[in-house]
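Q: Starting off with a structure, shown below.
The values are calculated or read from the model by the stated rules, or taken from the named source; none is laboratory data. Just so it is clear, the structure is predicted and the values come from calculations on it, not from any experiment. Cβ placement follows ideal geometry from the backbone for every residue including glycine, while neighbour counts extend to all protein chains displayed. Protein only, heavy atoms only, side chains kept; ligands, DNA and RNA dropped before computing areas. Shrake-Rupley method; radii C 1.70, N 1.55, O 1.52, S 1.80 Å.
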Amino acid sequence: MAETVPVRCPQCRREHLYIVPSYPCRCGAPVAPALLRGGIPVRIRHRVWADSWLTLRCSACGRYDEWPRPELGCPCGALLRPPLAETPAQSSGAAFPSAVAAGGEAADAPSPGAARGRPDFQPVAIRTARDVVTAAALFLDWLGFERVRPVAGAHPVPGVDLRGPEVLARVDPTTAPTGPDAVETLWLHGLNESAVAVCFSLAGYTRQALDRAESLGLPLFALDLAGTPQPVGEAAHALLGTGGPRRPPTEFG
């Protein structure tokens, strides 16, 4: 049964029974943050990406992953962040690969820097939404796609954030998992322009999005806060192995 913690809004003094979220580790065990009972929640006035994620350790397998920090919306309009209890399961300032949120599963894969014959990928730490786009652009360049740039102009293409001569990419910097509509729209753009379509998401993908991408052969990547994309699904692993048109195929090992 999910744990509930009383949280009193410092704005209107209303008390809520907050259900502590539980996240599925890749091993299947639930992982939940420890909240401080009786603590005073912080009101969020300006969201900062670096503060929106929490490193938690799975007590079953010892794996570290990044998950969204617990938040609570009060009817008075205040967005609250319940205080965390200091426990060994939480790690401050450490960067670990993200699991795919909301039911997604990432298959075991070597780090992109482990490719033989290819220099290590140098990530950019993600603190803002712009950093997410920058990290994805650098990764596509590292894969071998030329002249990848953010989509600009008076009439941008909906659902496409990065573009190169042979690649299109969507970059989702939100804290909600990317859904199937975004996946299918991106695939259609790639099909119409005879370009490789690649999707990046900071919060992972819904199960429906994962299934749709698999049926379409669309490469999906989940970004962690260290700025390193992790492949999700066979199409992403295949793209890591072959690289873009600027480089010959590279075997991973």
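Q: Please specify each residue of the stretch 151-165 satisfying the condition of being in contact with a Lys or Arg (Cβ under 9 Å, 6 or more places away or on another chain), open to solvent by 70 Å² or more (accessible area, probe 1.4 Å) and either part of a helix (DSSP H, G or I) or farther than 25 Å from Arg127 by Cα (or both).
A: Residue satisfying the conditions is Pro165 alone.
Q: Starting from residues that are open to solvent by 40 Å² or more (accessible area, probe 1.4 Å) and not charged (D, E, K, R), keep the ones in the stretch 135-150 and report whichever is nearest to the chain's Cα centre (by Cα).
A: Looking at residues that are open to solvent by 40 Å² or more (accessible area, probe 1.4 Å) and not charged (D, E, K, R), I get Leu138.
Q: May I ask you to list the residues in the stretch 169-203 that are out of contact with any helix residue (DSSP H, G or I) (no Cβ under 9 Å at 6 or more places or on another chain), in a loop (DSSP other than H, G, I, E, B) and open to solvent by less than 10 Å² (accessible area, probe 1.4 Å)?
A: The one that is out of contact with any helix residue (DSSP H, G or I) (no Cβ under 9 Å at 6 or more places or on another chain), in a loop (DSSP other than H, G, I, E, B) and open to solvent by less than 10 Å² (accessible area, probe 1.4 Å): Ala203.
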